[in-house]
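Comments concern the structure below.
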Amino acid sequence: MGKNIKIDYQNQQYILEYNRKAITLLEEDGISVNDIEDLSRGKCKKQITLTTKLIHRAFFKNHPDVSEDFALEIFESIPNKQDFIAAIIVLYSEPIISLFENKGETGNVNWGLNK
């Protein structure tokens with residue numbers, strides 16, 4: 001398990017993190033890596049939509065039944081919202097980075113470009 005955020009809300013623990021499926025759902029929602037970068041720089045044009053989707057999809061991996069409204073209810077109760085969003089952005093980047101990491105493992109696949 002990679003990085004995650006643990007939230008205790010109404011005597012229930014929630015673990016927020018992203019996997020590739022959650023990232024795919026964000027892309028289907030119209031959210032791109034560029035949008036996330038803009039949000040991290042404070043230059044996002046669709047900040048409410050992006051923040052809402054980003055928070056909701058962070059629940060998907062471990063709590064797929066959490067609704068967008070409930071995710072926002074929890075977010076409303078969180079102190080230090082800017083720090084929380086910064087942490088969510090870090091979580092978001094993990095599955096993307098892992099997709100392209102070379103972990104030094106050798107597999108059973110050989111490939112080459114044919115000319």
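Rule-based calculations on the coordinates, nothing more; no lab input. None of the values given here were measured: they were computed from a predicted structure. For neighbour counting, all protein chains shown are included, and Cβ atoms are generated from backbone atoms with ideal geometry for every residue, glycine included.
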Just tell me which lysines come within less than 16 Å, Cα to Cα, of Lys45; anything on the same chain fewer than 8 places away is out.
Lys53
So for region 9-100, averaging the separation of alpha carbon pairs under 8 Å that are six or more residues apart and normalising by length, what relative contact order in percent results?
40 percent
Qualifying GluC sites (Glu not before Pro) in region 12-115, DSSP loop, other Cβ atoms within 10 Å at most 10
Glu101, Glu105
Picking from Tyr9, Phe60, Ser93, whose Cα lies most toward the positive end of the charge dipole for region 9-100 (charges on Cβ: Lys, Arg +1; Asp, Glu -1)?
Ser93
The summed charge of the Asp38 Cβ neighbourhood (under 12 Å; Lys/Arg +1, Asp/Glu -1) stands at +2
To the nearest 0.05, what FRET efficiency results for Glu28 and Val90 with a Förster distance of 22 Å applied to their C-beta separation?
0.50
Volume per residue (Å³) of the convex hull spanned by the alpha carbons of the chain is 154 Å³
Need the C-alpha centroid separation for region 22-49 versus region 53-115, integer Å.
12 Å
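Treating the beta-carbon of each Lys and Arg as +1 and of each Asp and Glu as -1, no other charges, what is the dipole magnitude of region 9-100 about its Cα centre, to the nearest 20 debye?
Numbers: 10 positive and 14 negative charges, 48 e Å.
The dipole of region 9-100 has a size of about 220 debye.
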Within the set Lys21/Lys61; Lys21/Lys81; Lys21/Lys46, which residue pairs have Cα atoms separated by over 18 Å?
Lys21/Lys81; Lys21/Lys46
Per-residue Cβ neighbour rank within 10 angstrom, fewest leading, Lys81, Lys43:
Lys43, Lys81
